[in-house]
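Participant: Mind having a look at this structure? Questions to follow.
The values are calculated or read from the model by the stated rules, or taken from the named source; none is laboratory data. The shown structure was predicted, so the numbers you read here are calculated from the model rather than taken from an experiment. Because the Cβ atoms are built from the backbone with ideal geometry, glycine has one as well, and the counts that use them run over all protein chains shown.
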Amino acid sequence: MKIDVVSIFPEYLAGLQLSLIGKAVDQGVLDLNVHDLRDFTFDRHSTVDDSPYGGGAGMVMKAEPWALALEHILGGGSPGAASVEQTVGADTGDEEPAAAGRPILIVPSPAGPVFNQRIAEELSVADHLVFACGRYEGIDQRVIDWSGEHFDLRPMSIGDYVLNGGEVASMVMIEAVSRLIPGVIGNPESLTEESHEDGLLEYPIYTKPASWRDRDVPEILLSGNHGAIARWRRDRRLERTADVRPDLLAGLDGLDKHDRAILE
Ligand code: ADE
């Protein structure tokens, strides 16, 4: 999968070089490029923002630098000043053209639909994702509308709160999506019983020692009875979901008699 990120703070995304995602980039599973929006400006101050038409607080990101950056990513645009992109991982500069189909342009915004595990799964099979990290009050709507002619446009919120910009939201989505790509997580089995994978939250987990500060690991986990352990774990998932996120239960199907008894 190819992922491009455009930001005025490319350094923010440096964390993606670490851990499993960094490894996936090093191994070529992920082709991740971070672009500095200011490299697509031509004035002395590398201006990316201006005051809003109609008045109001704050500044708005100008359309043209965004259009140039996105055109560059599409392969048809001319880059701006000297250093066009900061590459996370091994980008040689002679990038391959975008894979067939339109790239998906994700515009993080508190005004978008809320990102979740289903959307992460959907995005994890895409060939090319582009993240446009806005700052200030947001991006001029005209370039958002224009981008819809070239990209599959997806405004996306990561929750009902307001961040200072799209960088952290993009990192959240990139991590959630890329860990679902085969080869990114060492043991794919660890993806199967996670929270939100099947609509239930995950069960509590324990490691050695079996007794710690007078707190014992639930005995059943030491029993070696795999069937009983699986049942115990499912019961805890049901209980925890009912307790912490009862809203998730409404979307569940396939509950058997035992499941329903636990939930009563
Ligand atoms: N930018 C600011 N707040 C945001 C949020 N909640 N989700 C995505 N992008 C944002």
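Here is a yes/no grid of residues against (1) in contact with a Lys or Arg (Cβ under 8 Å, 6 or more places away or on another chain); (2) among the hydroxyl-bearing types (Ser, Thr, Tyr); (3) over 14 Å from PHE131 (Cα atoms):
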| position | (1), (2), (3) |
| --- | --- |
| ASP39 | no, no, yes |
| HIS45 | no, no, yes |
| ASP50 | yes, no, yes |
| VAL60 | no, no, yes |
| LEU68 | no, no, yes |
| LEU74 | no, no, no |
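Participant: How many of the residues making up the range 205-227 are surrounded by 10 or more Cβ atoms within 10 Å (Cβ to Cβ), within 36 Å of the chain's Cα centre (by Cα) and of a type in the set (Ser, Thr, Tyr)?
Facilitator: So the count comes out to 1.
Participant: I'd like the full set of residues that are closer than 24 Å to PRO52 by Cβ and in a loop (DSSP other than H, G, I, E, B), limited to the range 161-188.
Facilitator: TYR161, VAL162, LEU163, ASN164, GLY165
Participant: Right, here's the next one. Restricting attention to the range 115-130, report how many residues are out of contact with any Leu (no Cβ under 9 Å at 6 or more places or on another chain), of a type in the set (A, V, I, L, M) and either assigned to a strand (DSSP E or B) or within 16 Å of the ligand (Cβ to nearest atom) (or both).
Facilitator: 1
Participant: Which condition breaks for ILE185 when tested against (1) on the phi > 0 side of the Ramachandran plot; (2) more than 13 Å from the chain's Cα centre (by Cα)?
Facilitator: Unmet condition: (1).
Participant: Quick check on my filter: what residues within the range 211-223 are part of a loop (DSSP other than H, G, I, E, B) and within 19 Å of GLU193 (Cβ to Cβ)?
Facilitator: The answer is VAL217, PRO218, SER223.
Okay, residues lined up against (1) surrounded by fewer than 17 Cβ atoms within 10 Å (Cβ to Cβ); (2) within 13 Å of LEU70 (Cα to Cα):
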{"residue": "ASN116", "(1), (2)": "yes, no"}
{"residue": "LEU123", "(1), (2)": "no, no"}
{"residue": "ASP127", "(1), (2)": "yes, no"}
{"residue": "ALA132", "(1), (2)": "no, yes"}
{"residue": "ARG135", "(1), (2)": "no, no"}
{"residue": "GLY138", "(1), (2)": "no, no"}
{"residue": "ARG142", "(1), (2)": "yes, no"}
{"residue": "GLY148", "(1), (2)": "yes, yes"}
{"residue": "PHE151", "(1), (2)": "no, yes"}
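Participant: Being outside any helix (DSSP H, G or I), charged (D, E, K, R) and either buried (at least 16 other Cβ atoms within 10 Å of the Cβ) or assigned by TED's automatic domain parsing to the domain that holds VAL184 (or both) narrows it down to one residue among ARG38, ARG44; which is it?
Facilitator: ARG44
Participant: OK, next. Taking MET156, is it in the same structural domain as GLU11 (by TED's automatic domain parsing), within 16 Å of the ligand (Cβ to nearest atom) and in a helix (DSSP H, G or I)?
Facilitator: Considered against the rule, which asks whether it is in the same structural domain as GLU11 (by TED's automatic domain parsing), within 16 Å of the ligand (Cβ to nearest atom) and in a helix (DSSP H, G or I), MET156 comes out as no.
Participant: Here is a follow-up. In the range 98-114, which residues are away from the ligand (no atom under 16 Å from the Cβ) and either loosely packed, with under 13 Cβ neighbours inside 10 Å or aromatic (Phe, Trp, Tyr) (or both)?
Facilitator: Within the range 98-114, ALA99, ALA100, GLY101 qualify.
Participant: Also, I was wondering about something else. If I ask for residues that are in contact (Cβ under 8 Å) with a residue 60 or more places away in the chain and farther than 30 Å from ALA250 by Cβ, which ones from the range 183-226 would you list?
Facilitator: Answer for the range 183-226, where residues must be in contact (Cβ under 8 Å) with a residue 60 or more places away in the chain and farther than 30 Å from ALA250 by Cβ: GLY183, VAL184, GLY186.
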